[in-house]
Amino acid sequence: MEGYSLEVTSKDIPALTEATGKIWRECPIAVPYLPGETYEARIAAAKSVRELGFEPMPHFSARRIESREEFETYLEGVVREAGVERCFVVAGDPSTPAGPFSDSSSLIETGAFERAGIKVIGVGGHPEGHPVMSKAECWDILKSKCEDIEARGMAPLIVAQFAFDADAMLAWLKELRERGLDYPVRVGVPGPAGIKTLARFAAVCGVSASASVLAKYGISLGRLIGTAGPDKFVDKLVAGLGPEHGRIRLHFYPFGGVSKTVEWIENYQQTKG
Ligand SMILES: NC(=O)C1=CN([C@@H]2O[C@H](COP(=O)(O)OP(=O)(O)OC[C@H]3O[C@@H](n4cnc5c(N)ncnc54)[C@H](O)[C@@H]3O)[C@@H](O)[C@H]2O)C=CC1
Ligand SMILES: Nc1nc(=O)c2c([nH]1)NC[C@@H]1CN(c3ccc(C(=O)NC(CCC(=O)O)C(=O)O)cc3)CN21
């Protein structure tokens, strides 16, 4: 649990405020780039995260950004208002880009991040592959993004998509290290949530949630009501981690349940260390 990070939407800021005392100071908090939000709301969310004593890490969703001006205005806004030094750059789900940026690299290549004083750039990792990229392309693109970030004088960070299958996550980490990608990695962990909510997010995010994967996670398809936490997933991950997996920390996706996630983390720390 040490050094964990969280993902909190702008709508979850009140819940984050309430849970502040239970979260470690300077915890990196990613703020996803949701459709339909104003830039003012996105900047205000990053600012609140900073004011609460955490490290804001706003998402930049390339395919949702309409123009270079919009991109740079937003970047300058979060730097000025929230002292942002870390950003997460991702393609985003729209099948057609809304503007000139079709992928993460096109944002990185503008040079705007290093000019704005950004120190760390997070990029997405795909432990279960990606709908439009082959496995080989996933690895090549990940490597070239990380190398480009380093060449620009910033530090790359790989933030993995969440998964329900700890074995798949461990296998992906091992392959990542075998391919010489020695960057820090954050493993995506679903927060405790209603089973229907988990299934909905899995579908939207392209994460496998077959009956056999869910069974490993501790969800039986015969009992679709109630909530499920990542206990088995984290137990299995921790038990399976070795030097071949390199340096990793956890990144929690609370899916709207910030207080439940923070309580789960506290409880896990107290009972399992
Ligand atoms: N929000 C999150 O925490 C995470 C989100 N993701 C999702 O993974 C996907 C890929 O992201 P990146 O690794 O940043 O890819 P990327 O920006 O490095 O792009 C890699 C290649 O895939 C193509 N591509 C990416 N998304 C596409 C889409 N929606 N439709 C058609 N072509 C697409 C790009 O044009 C490019 O050729 C995105 O849809 C993203 O939303 C992945 C991990 C974490
Ligand atoms: N492919 C992909 N696309 C994404 O957008 C995405 C990922 N992966 N991986 C995980 C993160 C988590 N994301 C999100 C997106 C929305 C909420 C959220 O709370 N949305 C609501 C509630 C909707 C609901 O419960 O269905 C909202 O009010 O906006 C949380 C996390 C986006 N993320």
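No value in this document is a laboratory result; all are computed from the given coordinates. Every value quoted in this text rests on a predicted model; they were computed, and no experiment measured them. Backbone-built Cβ (ideal geometry, glycine too); neighbour counts: all protein chains shown.
Rounded to the nearest 10 degrees, the inclination of helix 258-272 to the longest alpha-carbon principal axis of the chain is 50 degrees. Applying a DSSP loop filter and a limit of 15 other Cβ atoms within 10 Å to the chymotrypsin sites (Phe, Trp or Tyr not before Pro) in region 1-67 leaves Trp24. Estimated from helices alone, the mean residue ellipticity of the chain at 222 nm is -13000 deg cm²/dmol (sum of -39500 (n - 2.57) over DSSP H runs with n ≥ 4, per residue). Counting only the Cα atoms, region 115-273 fills a convex hull of 135 Å³ per residue.
Number of Lys-Lys pairs in the chain under 13 Å by Cα, sequence gap 8 or more or different chains? Here the count comes out as 6. Angle of helix 231-240 to the longest C-alpha principal axis of the chain, folded into 0 to 90 degrees and rounded to 10: 80°.
Measuring nothing but how far apart in sequence close Cα pairs (under 8 Å, 6+ apart) lie, relative to its length, the chain scores a relative contact order of 20 percent. Summarised as an ellipsoid, region 16-93 has semi-axes of 23, 12, 11 Å, derived from the eigenvalues of the Cα gyration tensor scaled by 5 and square-rooted, with the largest first. Between the listed residues Gly240, Met154, His59, the Cα displaced farthest toward the positive end of the dipole of the chain, a dipole computed from Cβ unit charges relative to the Cα centre, is found at Gly240. Charge dipole of region 25-102 (Cα centre as origin; +1 on each Lys and Arg Cβ, -1 on each Asp and Glu Cβ, all else neutral): 160 debye, rounded to the nearest 20. For the chain, find the longest principal axis of its Cα atoms and tell me its angle to the long axis of helix 68-82, 0 to 90°, nearest 10. Roughly 70 degrees between the two axes. When DSSP beta bridges are limited to those with both residues in region 135-273, what percentage is antiparallel, rounded to the nearest 5? In region 135-273, DSSP labels about 20 percent of beta bridges as antiparallel. Annotation: the antiparallel percentage among DSSP beta bridges lying fully within the chain is about 10.
Give me the log10 of I(q) over I(0) for the chain at q = 0.09, 0.11, 0.15 Å⁻¹, as the Debye formula computes it from C-alpha points; what are the numbers? Summing over Cα pairs of the chain leads to -0.39, -0.60, -1.18. Exposure proxy shown here: for Glu150, Glu114, the number of other Cβ atoms within 10 Å sets the order, fewest to most, as Glu150, Glu114.
The spacing between region 14-80 and region 145-190, judged by their C-alpha centroids, is 22 Å. For region 33-191, the Kirkwood hydrodynamic radius from C-alpha pairs, put into Stokes-Einstein at 25 °C and a viscosity of 0.890 mPa s, yields a diffusion coefficient of 151 µm² per second.
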